[in-house]
Amino acid sequence: MTADTLAGTVALVTGASSGIGAATGRELARRGAAVVLVARREDRLRTLAADIEAEGGRAIALGADLTEQAQAIDAVERTVAELGRLDTVVNNAGVMLLGPILDAPTEEWDRMIDLNLRGLLYVSRAALPHLVAAADEGPRRVADLVNISSVAGRRATPMAGVYNLTKFGVNAFTEALRQEITQRHVRVSVVEPGAVTTELTDHLRPEIREPALRALADVENLHAEDIADGIAYIVTRPRRVAVNELLIRPTEQTR
């Protein structure tokens, strides 16, 4: 695949201040896309954008809290206003707060539902008209919406009940939207990573984090770049090819 496969296109990546989102922003820029990096930590986004531009790419940092619908809409509209179009959206922003359902701090449930579901929905809703336009008129005559789910969206486990709920929801929404819009050449895909070394576990309460990390202590985790590579594979397929679902686990991970 040539380095300029996505030349002339614009990609918006959420949760781009670290981990999978940051790696995806870099990778899509290497493929020729102008990338818009969206997250709350704007200082990190600016550093990443500067790095991408130093490598010859084009990147814009947009600070936004996507759980606020107005900010999600504004991020999409600013992207189109500044770069003229929108061809690819990667809904990566999310949080994983594990723990037993009994006596759980329900503010953790609210955070997961707000970001993992509402934020993804708000961005998708705002972006879809622009993706349809890109598929009709763009240089590749196809557009992509990629939602980042998890192995937790395929199999429910103890200590992950509400996280499971949000990721099962992402999978269901993705498939329903795919059926609605695929004939417009807007491809809708879901990526389900297994264990990846990112900041995701940093948000866990200490009494939850230690046993969660212990459970995968013998597994060589994936790197964020491994998932970014899978996302790039999806969005660089020819117009006739849609990768609907991509499950990526570490080789040693059994569940």
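Taken together, the values in this text are just the output of simple stated rules run on the coordinates, not laboratory data. No experiment lies behind these values; they were computed from the predicted model shown. With ideal geometry, Cβ positions are generated from the backbone for all residues, glycine too; neighbour counts draw on all protein chains shown.
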FRET efficiency for LEU102 and ARG184, using Cβ-Cβ distance with R0 set to 35 Å, rounded to 0.05: 0.20
Rg/Rh over Cα atoms for region 10-248, Kirkwood Rh, comes to 0.96
Got the relative contact order for region 10-248 handy, in percent, Cα pairs under 8 Å and 6 or more residues apart? 20 percent
Cα centroid separation - region 165-202 against region 2-40, whole Å: 17 Å
Quick check: residue separation of ARG58 and ARG46 times 0.36 nm, minus the Cα distance between them. What number comes out in nm? 3.1 nm
